[in-house]
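Single-structure report; data block below.
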Amino acid sequence: MSIIGRAQRDGVTVAVAPGGALRNVLLEPVALQQGGAKLASTILALVREATGRANREAEAVIREQAGGLSDADFAALGLASGDESSEAGRR
């Protein structure tokens, strides 16, 4: 099973593995009209969003398969509980 988080907006689509490793970036022509700074900002925001999705999915799968792990264990794995605001607070 491969867990991939995806997010899309403004002609940009990203796919990441849990932890945020970039797997794919797709740029439609409209995305290139944003200008460099806006495009970079969009890509980074989408990577954060997709990483949150992938991390939550990975956490759910691991919790199902390896019951008994604590929130601290998940934090040590880089998969802190699915609260996106806590993810943003660490950046």
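Rounded to the nearest 10 degrees, the inclination of helix 36-65 to the longest alpha-carbon principal axis of the chain is 20 degrees.
Put a plus charge on the Cβ of each Lys and Arg, a minus charge on the Cβ of each Asp and Glu, and nothing anywhere else: the dipole of segment 5-77 about its Cα centre is then about 240 debye.
Of the solvent-accessible surface of the chain, computed with a 1.4 Å probe and all protein chains present, 53% belongs to carbon and sulfur. Descending by average beta-carbon neighbour count within 10 Å, the peptides 58-64, 3-9 line up as 3-9, 58-64, the highest first.
The simple spin-label model puts a point 7 Å past each Cα toward its Cβ; for residue 22 and residue 60 those points are separated by 2.7 nm.
Normalising by the residue count of segment 5-77, find the relative contact order in percent from Cα pairs under 8 Å and 6+ residues apart.
34
With q set to 0.12, 0.22, 0.27, 0.28 Å⁻¹, the log10 of I(q)/I(0) for segment 5-77, from the Debye formula over equal scatterers at the Cα positions, is -0.40, -0.87, -1.12, -1.17. Go ahead and run the numbers for FRET between residue 34 and residue 70, Cβ-Cβ distance against an R0 of 35 Å, rounding to 0.05. Between residue 34 and residue 70 the formula returns 0.25. Among residues other than residue 72 with Cβ under 14 Å from its Cβ, the summed charge is -2 (Lys and Arg +1, Asp and Glu -1).
The values are calculated or read from the model by the stated rules, or taken from the named source; none is laboratory data. Just so it is clear, the structure is predicted and the values come from calculations on it, not from any experiment. Every residue, glycine among them, receives a Cβ derived from its backbone with ideal geometry; neighbour counts consider all protein chains shown. With ligands, DNA and RNA removed, areas are computed over all heavy atoms of the protein, side chains included. Shrake-Rupley method; radii C 1.70, N 1.55, O 1.52, S 1.80 Å.
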